[in-house]
Amino acid sequence: MALVHLPRSLAALLPGIPRHLDGIPGETVAEVLRALDAEWPGTWDRVCEAGPRIRVHMNVFVDGHRAQLDTTVAAASTIHVIPAVSGG
Amino acid sequence: MASRLLILLGTRKGAFILEGSPGRDAFLVRGPFCETMPIQHLAWDPASGSLLAGAGSPWFGPTVWRSPDLGGTWSQASDGITYGDDVPAVTRVWTVTPANGALYAGVESAGLFRSVDGGVTWSHVSALRDHPSCAGWQPGNGGLILHTIVAHPTDPARMWIGISAVGVFETRDGGSSWTARNRGVRADHLPDTYPETGVCVHKFGLHPANPERLYQQNHSGAYRSDDGGANWRDMNAGLPSHFGFPLVVHPHDPETIWTVPLNGDDIGRYMPEAAMAVWRSRDGGASWQRQADGLPQQHAYLGVLREAMAVDRLDPVGVYIGTSTGQLFGSRDEGGTWSLLADFLPPISSVEAVLVDA
C-alpha cells in the first residue's frame, strides 16, 4: 500500500484529491495510478498518454528512483509524481 | 431581455473573459482561468450556456475545460479523446465547436471527436482518419492540427473541417465518409502546386444565408468557393500578401469578410511594413479595403493567429482581434476605427464575441 505524493498543479485538476495519499493499492506504478483513477476519474489521463506510457513531461519516482508504468511498487513504497521542468 | 457582451480569449497562459460595457468602450478583464493551461480555443455553447475550452498542457496533455456559469467554476475532462495505444497520441485540443446538438473537438494529431453529453465524454469520428490520404498527412509549422469545424446551417449531415498542411474535407453523411475539397487551392510549398491534399488551410468560414459560399485564408492565398468547397478560386488580388491566418464573415452580410494578412511566411510573419491593418471586403473578395485607423502603424512586429479574430452580432458589427503579443483590439464600426481594449495579456490564440442573457 503505497504513499503517493502529488503536485499542486495536478491536484488542481482533480477536484477533491488530496496531495498526499496513503494506502494506495497496486504492485506496479500502473496499478497505483489506476487505483487513483478509480476514485478520482481523470488521474490516469493527466499522468499517462497513449502507449500507454507516462507523459513525456511527467516524472514518477518510486522510492527516489525514476519509474515507468511497469515499475514494481513495494508494500511501503513512496511514490512521487512530479511535472518535469522540460514541460515549461 | 438585455444582453451582455463577452469577449472570450484563449491564450498561452489560460482563458480570459472580457466583459464589455453597453457602449463597447470599456472591458473588464477576468482570468486567467483553466489553471493557466495553454488554451487553443475558448468557445460558448448557446444550447447549454456553457463555456468550453480546448487545451493542451505539456505536462498533463489534451483536455476540454467546461464552465456552466460563465467562468465562475471550471472542470476538465478528456475521456475518449484518444486513438488508443497503437497510434499517434492526441496532444492538444485545438477547437471546440457546438453543432447539431452535439459538441465537436478538433485535435492534434489531426482528428475529430464528438460529444453528446456536453463535453464530459467523447467518441472518435474515425472515418476522417480512414481517408486514403491520411497516411501522407504531414504537419504544418503549428503541428498536424484539425483547427476548423464548420457545420452546414440547415443540413445536419453536412460539415466541413480544416487540417493544417492537409486541407479542407467535407462530409455529407454525418461523418461516415469524407471528401477532400481543395480543388483550385495552391500549395506553394509543394512541387505539385494544386494537390488534392497537402494544401495548408489556415481558416475558413461561411454565412448561414448562403452556405455554398465558403471563404478561406490559406498559407498560399485567400480563396472563395461558390459550390460548397468543390471548387475554389483565388480572391487575393488587392491584398498586400498571400499569407495570413484568420478570416471572419460578417454575421448579417454574406458578402463582407475580414482578414489580416502578414508580410510573408519566411520573412518574419508580422504586419506588412510593420504597420498593423485589417482588410475588409464588401463584395465577396472581389476588392479589399485597408482598415487601420487606431491600429499601430510603426514597429508592429506582431501577428494574429487563425482563431484570434471575431465579430459580434450587434449593429454596427463589432470586430475584435487578439495578437501574438497579448493585445486585444476592437472596433465598434465594422473596422472603420479601432482601439486597444486590453494589453499585456499572454499571446492570444483565440477570440470569440458572444452575447449572453444579462
Tally of residues being under 28 Å from B:Asn141 (Cβ atoms) and surrounded by 19 or more Cβ atoms within 10 Å (Cβ to Cβ) across region B:297-323 = 15
Screening B:Ser50, B:Ser78 for residues that are at the interface with chain A (Cβ under 8 Å from one of its Cβ atoms) and buried (at least 18 other Cβ atoms within 10 Å of the Cβ) leaves only B:Ser78
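Would you confirm whether or not region A:70-88 contains a residue that is touching a helix residue (DSSP H, G or I) at 6+ places or on another chain (Cβ under 8 Å), within 12 Å of another protein chain (Cβ to nearest Cβ), without any contact (Cβ under 8 Å) to a residue 60 or more places away in the chain and more than 18 Å from A:Arg19 (Cβ to Cβ)? I'd like the intermediate steps shown before the answer.
So the first thing to find is which residues in region A:70-88 are touching a helix residue (DSSP H, G or I) at 6+ places or on another chain (Cβ under 8 Å), and the list is A:70-71, A:73, A:79, A:81, A:83.
The next check asks that each one be within 12 Å of another protein chain (Cβ to nearest Cβ); those that pass are A:81, A:83.
Restricting the remaining residues to those that are without any contact (Cβ under 8 Å) to a residue 60 or more places away in the chain gives none.
Scanning region A:70-88, I find no residue that is touching a helix residue (DSSP H, G or I) at 6+ places or on another chain (Cβ under 8 Å), within 12 Å of another protein chain (Cβ to nearest Cβ), without any contact (Cβ under 8 Å) to a residue 60 or more places away in the chain and more than 18 Å from A:Arg19 (Cβ to Cβ), so the answer is no.
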Region B:84-96 residues that are modelled with pLDDT under 95, paired with ones that are assigned to a strand (DSSP E or B) (beta carbon under 7 Å, 6 or more apart) | B:Ala89/A:Glu49
One residue from B:Thr73, B:Thr91 being buried (at least 20 other Cβ atoms within 10 Å of the Cβ), closer than 27 Å to A:Gly87 by Cβ and touching a Ser or Thr at 6+ places or on another chain (Cβ under 9 Å) = B:Thr91
Within region B:211-226, restricting attention to residues that are buried (at least 22 other Cβ atoms within 10 Å of the Cβ) and closer than 17 Å to B:Ile149 by Cα, which residue is farthest from the chain's Cα centre (by Cα)?
-> B:Ser225
Answer from B:Val354, B:Val317, B:Val304 - the residue that is outside any loop (DSSP other than H, G, I, E, B) and not small (Gly, Ala, Ser) = B:Val354
Can you spot a residue in region B:20-30 that is touching a Ser or Thr at 6+ places or on another chain (Cβ under 6 Å) and crowded, with 22+ Cβ neighbours inside 10 Å?
-> no
For region A:5-23, what are the residues that are in contact with a helix residue (DSSP H, G or I) (Cβ under 9 Å, 6 or more places away or on another chain), without any contact (Cβ under 8 Å) to a residue 40 or more places away in the chain and aliphatic (A, V, I, L, M)?
-> A:Ala12, A:Leu13, A:Leu14, A:Ile17, A:Leu21
Of all residues in region A:49-69 being within 14 Å of another protein chain (Cβ to nearest Cβ), touching a Phe, Trp or Tyr at 6+ places or on another chain (Cβ under 7 Å) and in contact (Cβ under 8 Å) with a residue 24 or more places away in the chain, which is surrounded by the most Cβ atoms within 10 Å (Cβ to Cβ)?
-> A:Met58
If you go through B:Ala15, B:Ala89, the only one that is of a type in the set (A, V, I, L, M) and in contact with a helix residue (DSSP H, G or I) (Cβ under 7 Å, 6 or more places away or on another chain) is B:Ala15
Taking region A:23-48 as the search range and keeping residues that are part of a strand (DSSP E or B) and of a type in the set (A, V, I, L, M, F, W, C), which one is surrounded by the fewest Cβ atoms within 10 Å (Cβ to Cβ)?
-> A:Ile24
Regarding B:Asp227, is this residue of a type in the set (Asp, Glu), under 18 Å from B:Asn141 (Cβ atoms) and part of a loop (DSSP other than H, G, I, E, B)?
-> no
Would you pick out the residues in region B:227-284 that are surrounded by fewer than 16 Cβ atoms within 10 Å (Cβ to Cβ), on the phi > 0 side of the Ramachandran plot and without any contact (Cβ under 8 Å) to a residue 40 or more places away in the chain?
-> B:Gly264, B:Gly268, B:Glu273, B:Ala274
Taking B:Trp65, is it within 14 Å of chain A (Cβ to nearest Cβ), over 21 Å from the mean Cα position of the chain (by Cα) and modelled with pLDDT of 95 or more?
-> no
How many residues of region A:7-22 are within 14 Å of chain B (Cβ to nearest Cβ) and either touching a Lys or Arg at 6+ places or on another chain (Cβ under 8 Å) or assigned to a loop (DSSP other than H, G, I, E, B) (or both)? The answer is 10
Tell me, which residue of region A:75-88 that is more than 12 Å from B:Trp59 (Cβ to Cβ) and modelled with pLDDT of 95 or more is farthest from the chain's Cα centre (by Cα)?
-> A:Ser77
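The values are calculated or read from the model by the stated rules, or taken from the named source; none is laboratory data. This one's a predicted model, so the numbers in the text were calculated from it and none came from an experiment. Cβ atoms come from the backbone with ideal geometry, glycine included; neighbour counts cover every protein chain shown.
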